[in-house]
Amino acid sequence: MAANNRRMSGKKGAQIGSGGKRRRGLEGKGPTPPAEARKGHVKNRLANAKAKQTQRRTAAKSRGKSSSELVVGRNPVFEALRDGVPATALYVQQFIDNDERVRDALKLAADRGGIHLMEAPRPELDRMTNGLNHQGLVLQVPPYEYAHPEDLPAAAYDEGDEPLIVALDGVTDPRNLGAIVRSVSAFGGHGVVVPERRAAGMTAGAWKSSAGTAARTPVARVTNLTRALEAYKKAGITVVGLAADGEHTVGELAALEGPVVIVIGSEGKGLSRLVGETCDYRVSIPMPGGAESLNAGVAAGIVMYEAAARRARR
């Protein structure tokens, strides 16, 4: 009988009680994975999109950080602290003449908090500033963290708004950049885009000109402005270039009511050829007084006001 059982157990086919299935077929596949891990599920798509956005932001921060900046001199340091320019350390020369400007700068740094007060001998400050006339005060400004260009329209859509973005082509004066950031903030814009090369960056001077609005208005930096504008166009955003010989005037362009990127060129050269060809529309600002051009910061304020007024009337 035992021999018969051994022969039966060696037979091929399903075992008794298996329902016609092999043993492996009866083994479970484990618990059902969460929705975020199931391919094709809406939560899985949302999780993947969020992960990609995080990767982009991380890459932009590692790629888009500028170097630390030093503000030197008693008046420049005092004004930077007064105007809210971010700072990590204030270096004070040993045995410095404690005049009113020095006392005011030290008080501002202490009141703001988070700024290390460091005492250093004059030769050390000379070395740090490459021999500039620092007058015994040196303020260290941390690297600016630029946004990713895709984050600007994404933030607008998250707020239920149509993107209103300003891109700069050849604007090299940090004070103009700061003034433009200020206008974008004042009229409800969602950020500024600047090229990496041959353009102003977010320096201490730009921070000062922004009058504190740089803390809440993101600035994105791109390797190639033309490619960035083409990407915006593919995403359904109209690109409008400001040009003295534009085919339209600012007041008549209905495109300012929708998702739009306004491109502003330098005061002297205007828009570069490739950027101008990339624009969907080129618009001008009527100037009855006969001036040939406007400062980039002033031009940005006019166009942003017109866009904000049109959106308010919708």
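The values are calculated or read from the model by the stated rules, or taken from the named source; none is laboratory data. These figures come from a predicted structure and were not determined experimentally. Cβ placement follows ideal geometry from the backbone for every residue including glycine, while neighbour counts extend to all protein chains displayed. The area values use the complete protein model at the heavy-atom level, side chains included, leaving out ligands, DNA and RNA. Shrake-Rupley method; radii C 1.70, N 1.55, O 1.52, S 1.80 Å.
Overview of values
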{"item": "Qualifying positions in region 162-182 - of a type outside the set (K, R), more than 19 Å from N224 (Cβ to Cβ) and either touching a Phe, Trp or Tyr at 6+ places or on another chain (Cβ under 6 Å) or open to solvent by 20 Å² or more (accessible area, probe 1.4 Å) (or both)", "result": "E162, D173, P174, N176, A179"}
{"item": "Odd one out for E159 among (1) at pLDDT 90 or above; (2) surrounded by fewer than 17 Cβ atoms within 10 Å (Cβ to Cβ); (3) on the phi > 0 side of the Ramachandran plot", "result": "(3)"}
{"item": "Filter pass, E79 being farther than 30 Å from G236 by Cα, surrounded by fewer than 19 Cβ atoms within 10 Å (Cβ to Cβ) and free of Cβ contacts under 8 Å to residues at least 12 places away in the same chain", "result": "no"}
{"item": "Criterion (more than 26 Å from A312 (Cβ to Cβ), β-branched (V, I, T) and outside any strand (DSSP E or B)) met by exactly one of V171, V138", "result": "V171"}
{"item": "Residues of region 193-215 classified as surrounded by 21 or more Cβ atoms within 10 Å (Cβ to Cβ), of a type in the set (A, V, I, L, M, F, W, C) and touching a Ser or Thr at 6+ places or on another chain (Cβ under 9 Å), total", "result": "3"}
{"item": "Residues that are without any contact (Cβ under 8 Å) to a residue 24 or more places away in the chain and either surrounded by 14 or more Cβ atoms within 10 Å (Cβ to Cβ) or over 25 Å from the mean Cα position of the chain (by Cα) (or both), drawn from region 216-261", "result": "E252"}
{"item": "Qualifying residue in region 135-149 (condition: open to solvent by 70 Å² or more (accessible area, probe 1.4 Å), over 30 Å from A228 (Cα atoms), of a type outside the set (F, W, Y) and within 34 Å of the chain's Cα centre (by Cα))", "result": "no"}
{"item": "From V263, V192, V219, V184, residue being aliphatic (A, V, I, L, M) and under 17 Å from G276 (Cα atoms)", "result": "V263"}
{"item": "In region 262-276, residue farthest from A312 (Cα to Cα) [restricted to those that are open to solvent by 30 Å² or more (accessible area, probe 1.4 Å) and hydrophobic (A, V, I, L, M, F, W, C)]", "result": "L274"}
{"item": "Considering residues of region 303-314 that are within 24 Å of G170 (Cα to Cα) and buried (at least 16 other Cβ atoms within 10 Å of the Cβ) only, the residue farthest from the chain's Cα centre (by Cα)", "result": "E306"}
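So that you can scan it fast, the table gives a plain yes or no per residue for (1) at pLDDT 95 or above; (2) crowded, with 17+ Cβ neighbours inside 10 Å; (3) more than 17 Å from Q135 (Cβ to Cβ):
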{"position": "K61", "(1), (2), (3)": "no, no, yes"}
{"position": "E69", "(1), (2), (3)": "no, yes, yes"}
{"position": "N75", "(1), (2), (3)": "no, no, no"}
{"position": "Q94", "(1), (2), (3)": "no, no, no"}
{"position": "N98", "(1), (2), (3)": "no, no, no"}
{"position": "R103", "(1), (2), (3)": "no, no, no"}
{"position": "D111", "(1), (2), (3)": "no, no, yes"}
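Listed here are the residues, each with its yes/no results for (1) of a type in the set (A, V, I, L, M); (2) within 24 Å of N295 (Cβ to Cβ).
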position: A211; (1), (2): yes, yes
position: R221; (1), (2): no, yes
position: L253; (1), (2): yes, yes
position: K269; (1), (2): no, yes
position: E277; (1), (2): no, no
